[in-house]
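Scroll down for the structure; my scribbles are underneath it.
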Amino acid sequence: MHIQTHIMAGWCSANLLPGLNKRERLFAMIAAVVPDVDGLSILGGRDAYWNWHHRAGHNLGFCIVACLVLAVFSSSKVKSFLLYVAQFHLHLLMDVLGSGPGWGIYYFWPFSGRYLDNSNVSWEFYSWQNITIAATLFVGVLGIVFWKGRTPLEAIMPRLDRQLVGWITRRVAA
């Protein structure tokens, strides 16, 4: 699935939970996209990408380490850790379904070379399903702009966040 879709899924789902602060919503967004850090293997060429993507970052060990690091910097450590683990697994689920056949998940790597084969459940990467999910999440982002008065930029660019909320709400009101 597309990185932007993972980001929107992480932020939208985090906004459904009460009591999270800006940082925790940002970290939920990061947890929802961090498995794709293994996509940087493309810098080593196509073969490196094919060998490492869905392997190095898409596994339980990486999940635990990444989510623990994020939880350390969160207010409610245990609750946040569980949220980040859920976001990480949302990413994996979205990838199993939306990355295209043949892009299984090496969940227990490096301890096991076995992988979850998605050939029977996956649709193509550039498919109407992925486009529909992304469009639905984008509508969700816009809904949160009106409902909660914030954008995914709230923690990293608060001034731009306020400007965007104002601009979007004025446009709709006009």
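The values are calculated or read from the model by the stated rules, or taken from the named source; none is laboratory data. In this text the structure is predicted, and so the values were computed from the model without any measurement. Cβ atoms come from the backbone with ideal geometry, glycine included; neighbour counts cover every protein chain shown. Heavy atoms of the whole protein, side chains included, go into the accessibility calculation; ligands, DNA and RNA do not. Shrake-Rupley method; radii C 1.70, N 1.55, O 1.52, S 1.80 Å.
Select, from MET8, MET29, MET1, the only residue that is within 23 Å of ILE144 (Cα to Cα), in a loop (DSSP other than H, G, I, E, B) and under 15 Å from the mean Cα position of the chain (by Cα). Steps first, please.
Values: MET8 fails: in a loop (DSSP other than H, G, I, E, B); MET29 fails: in a loop (DSSP other than H, G, I, E, B).
The match here is MET1.
Every residue, every condition in (1) surrounded by 20 or more Cβ atoms within 10 Å (Cβ to Cβ); (2) modelled with pLDDT of 90 or more; (3) in a loop (DSSP other than H, G, I, E, B), yes or no:
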{"position": "PHE62", "(1), (2), (3)": "no, yes, no"}
{"position": "LEU68", "(1), (2), (3)": "no, yes, no"}
{"position": "PHE111", "(1), (2), (3)": "no, yes, yes"}
{"position": "VAL121", "(1), (2), (3)": "no, no, yes"}
{"position": "PHE125", "(1), (2), (3)": "no, no, yes"}
Within region 127-159, considering residues that are part of a helix (DSSP H, G or I) and among the hydroxyl-bearing types (Ser, Thr, Tyr), the one least open to solvent (accessible area, probe 1.4 Å): THR132
Failed condition for SER80, given (1) among the polar types (S, T, N, Q); (2) open to solvent by less than 50 Å² (accessible area, probe 1.4 Å); (3) out of contact with any Gly (no Cβ under 8 Å at 6 or more places or on another chain); (4) part of a loop (DSSP other than H, G, I, E, B): (4)
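Right, THR169: on the phi < 0 side of the Ramachandran plot, surrounded by 13 or more Cβ atoms within 10 Å (Cβ to Cβ) and outside any helix (DSSP H, G or I) or not?
On the way: on the phi < 0 side of the Ramachandran plot: yes; surrounded by 13 or more Cβ atoms within 10 Å (Cβ to Cβ): yes; outside any helix (DSSP H, G or I): no.
In short, no.
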Cβ pairs under 9 Å, 6+ apart, first in region 3-25 and at positive phi, second among the basic types (Lys, Arg): GLY19/LYS79
Long-range neighbours under 9 Å by Cβ, at least six apart or interchain, first residue at positive phi within region 36-58, second open to solvent by 60 Å² or more (accessible area, probe 1.4 Å) and not charged (D, E, K, R): HIS54/TYR115
Among (1) of a type outside the set (A, V, I, L, M, F, W, C); (2) open to solvent by less than 90 Å² (accessible area, probe 1.4 Å); (3) out of contact with any Pro (no Cβ under 7 Å at 6 or more places or on another chain); (4) assigned to a helix (DSSP H, G or I) - the single one HIS91 does not satisfy: (3)
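Got a number for residues in region 24-60 being of a type in the set (D, E, K, R) and either surrounded by fewer than 16 Cβ atoms within 10 Å (Cβ to Cβ) or touching a strand residue (DSSP E or B) at 6+ places or on another chain (Cβ under 6 Å) (or both)?
Narrowing region 24-60 to residues of a type in the set (D, E, K, R): 24-25, 36, 38, 46-47, 55.
Then drop every residue that is not either surrounded by fewer than 16 Cβ atoms within 10 Å (Cβ to Cβ) or touching a strand residue (DSSP E or B) at 6+ places or on another chain (Cβ under 6 Å) (or both), which leaves 46-47.
The number of residues fulfilling the criteria is 2.
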Residue count for region 134-158, restricted to those that are of a type in the set (Phe, Trp, Tyr) and within 24 Å of SER74 (Cβ to Cβ): 1
Test result for TYR115, of a type outside the set (Lys, Arg), open to solvent by 20 Å² or more (accessible area, probe 1.4 Å), touching a strand residue (DSSP E or B) at 6+ places or on another chain (Cβ under 9 Å) and over 29 Å from VAL145 (Cα atoms): yes
